[in-house]
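A.B. asks: One structure coming up, written as C-alpha cells, with questions to follow.
The values are calculated or read from the model by the stated rules, or taken from the named source; none is laboratory data. Keep in mind that what you see is a predicted model, and the values were worked out from it rather than measured. A quick note on method: Cβ atoms are made from the backbone with ideal geometry, for glycine too, and the neighbour counts reach across all protein chains shown.
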Amino acid sequence: MEAFPLLHDLATYQATTFDYFKPRCAGDGLPDLQSWLQVFRHSLPTFHAHAAQDVNMPDGTRKVQADAFAAEFEGALASLSADPTMELAGHQVQPLNCKTLCALRDNCLSNAGFTDVFLSVKVKENADSLLLLPALLLELDAVTDGRARLELALRGVFSGNIFDLGAAASAELYEAGGGSFADTRAQLLSRPWAVDHLDAFLGRCEAGPAYAKAVMFVDNAGPDVVLGMLPFARELLKQGTKVILAANSGPSINDITAQELQPVLLQASVGDAVLQGALHTGALSVMASGNLLPVIDLLRVSSELAAACVGVDLVVLEGMGRAIETNLNALFSKLLRAWGGRLYDCVIKFDRAQA
Ligand code: MG
C-alpha cells in the first residue's frame, strides 16, 4: 500500500471532508457529531436485513448472528454517542469520522461471521443491468453531438449511483422497488446542481486534447458501474483515452470488487466493438485499488494501482463515499436537507491539475 501518486499534497491531504468535532456554527447548517452517528444508526435496519438473509451463513445461525452484529454496532454507536473520544476495544475508531465509522460497521459484521452480506444483491443487480446495457449503448451512440452524448453518459452516472444500499434513503427506495435507472435519469433534479461543474468538464472535453489516461474509482455493483460508469468510460475510450477502472480489493456494502468487475466487463463487452477492442488492446483494464471500505483514503492504495498511474491525466472519483465524504470539500447529497438543499441532488466537481 502507498499513497496515490497523483495526490497534490500528501502533507495536507485528509481522507475526510467533514470534521465531526467541529463546534456547531449557527447558520452553516452542517450536521453535528450526534447527527452523523444517527446517519450510521439509520443504516442498521438495511444491514441487519441483508445479514439475516445471507445465504453464505448456515441456515440456523443467520438470524442470531445478524442480531449479534446489530447489537455490537448499536452498542458501539451508543458508547461513542456518550463519549465520542473513547477508544473501543478491538476497533480503531479514533479519530471518529466517516472512514472509521464505516470500518467499525464492517468489523462488527466480520465479528459476527459475515463476509459479504450484499453478495446476492450485487450478483442480481449486475445481471439485470447487463441486460439493459446494449440498449443504453445504442441510445448513446445515436446521439451525434459529442458534448450532448457525454452529458447523457454523465447523467447516467448520477442515476446509476442511486443504487446505494449504504444510504438509508436509497436503500428504502430500492426495497420499495423504485429508483430504476431510466426513471431516475429522466427525473434528475434540475440544474444548477449542488456543485455544478458540468459545463467546465464538458467544455474541457470538447476543447481537447483528449485525456491520455484516466483512472476511475468506481463505486457500487449493478446499475452504478454497468449503466453509469462503464458507458462514461466507453465515451472516453472512443476519444482515445486509456481507462483503468479501480475497484475495491474486498467487499463492503454493495460496492463492486475488482474480482467481481472483471467478469462483468467481459460480459458487457460481448457484442460491443468499443469495449471488446479496448479490453483486447489493454486500453481498458480493471485494477484492485487496495481499498476495503465504501469510502477511500488515498494515502493507502495498492502499489499495483500506484504503479499503473504513470501518465494518468484524469482522475474520476465516483459515489458519495469516495467522492464526497472523504475526498471533496463540498456538499453531500444525503445531508443536503440539513443545508436547505435537495435530497438526491447531484454533485459534479471538476478541478484541473495543480501546477
Ligand atoms: Mg458504495
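A.B. asks: Are any residues in region 239-272 within 15 Å of the ligand (Cβ to nearest atom) and either more than 12 Å from the chain's Cα centre (by Cα) or assigned to a loop (DSSP other than H, G, I, E, B) (or both), and if so, which ones?
C.D. replies: Within region 239-272, Leu245, Ser249, Gly250, Pro251, Ser252, Ile253, Asn254, Ile256, Ala258, Glu260, Leu261 meet the criteria.
A.B. asks: Tally time: how many residues in region 210-238 are aliphatic (A, V, I, L, M), farther than 18 Å from Ala148 by Cα and in a loop (DSSP other than H, G, I, E, B)?
C.D. replies: Counting residues in region 210-238 that are aliphatic (A, V, I, L, M), farther than 18 Å from Ala148 by Cα and in a loop (DSSP other than H, G, I, E, B) gives 3.
A.B. asks: For a quick check of your reading of the model, give me the residue pairs whose first member lies in region 58-87 and is more than 25 Å from Asp116 (Cα to Cα), whose second is part of a helix (DSSP H, G or I), with beta-carbon atoms closer than 7 Å and at least 6 apart or on different chains.
C.D. replies: Short answer, once both residue conditions are applied: Leu80/Leu37; Ser81/Gln34; Ser81/Leu37; Pro84/Leu33; Met86/Ser79; Met86/Leu80.
A.B. asks: So, one more: Filter region 302-322 down to residues that are at pLDDT 90 or above and either among the acidic types (Asp, Glu) or out of contact with any strand residue (DSSP E or B) (no Cβ under 8 Å at 6 or more places or on another chain) (or both), then give me how many there are.
C.D. replies: 3
A.B. asks: Also, I was wondering about something else. Among the residues that make up region 211-230, is at least one of them under 15 Å from Asp313 (Cβ atoms) and within 16 Å of the ligand (Cβ to nearest atom)? Break it down stepwise before answering.
C.D. replies: Taking region 211-230 as the starting set, the residues that turn out to be under 15 Å from Asp313 (Cβ atoms) are 211-216.
Retained after the next criterion (residues that are within 16 Å of the ligand (Cβ to nearest atom)): 216.
Yes, that holds for at least one residue.
A.B. asks: Considering only residues that are within 24 Å of the chain's Cα centre (by Cα) and in a helix (DSSP H, G or I), which ones fall in region 53-73?
C.D. replies: Answer for region 53-73, where residues must be within 24 Å of the chain's Cα centre (by Cα) and in a helix (DSSP H, G or I): Phe69, Ala70, Phe73.
A.B. asks: Return the pairs, sorted by first residue and then second, in which the second residue is of a type in the set (Ser, Thr, Tyr) and surrounded by 20 or more Cβ atoms within 10 Å (Cβ to Cβ), the first residue lies in region 231-244 and is touching a residue at least 12 places away in the same chain (Cβ under 8 Å), the beta carbons are less than 7 Å apart, and the residues are 6+ apart or on different chains.
C.D. replies: none
A.B. asks: Residue by residue through region 89-113, note down the ones that are assigned to a loop (DSSP other than H, G, I, E, B) and buried (at least 19 other Cβ atoms within 10 Å of the Cβ).
C.D. replies: Within region 89-113, Val93, Leu96, Asn97, Ala112 meet the criteria.
A.B. asks: Still on this structure, I have one more. Taking the conditions exactly as written (in contact (Cβ under 8 Å) with a residue 60 or more places away in the chain, surrounded by 14 or more Cβ atoms within 10 Å (Cβ to Cβ), away from the ligand (no atom under 16 Å from the Cβ) and charged (D, E, K, R)), does Arg155 satisfy them or not? Spell out how you get there, then give the answer.
C.D. replies: Values: in contact (Cβ under 8 Å) with a residue 60 or more places away in the chain: no; surrounded by 14 or more Cβ atoms within 10 Å (Cβ to Cβ): yes; away from the ligand (no atom under 16 Å from the Cβ): yes; charged (D, E, K, R): yes.
No; evaluated as a whole, the condition is false for this residue.
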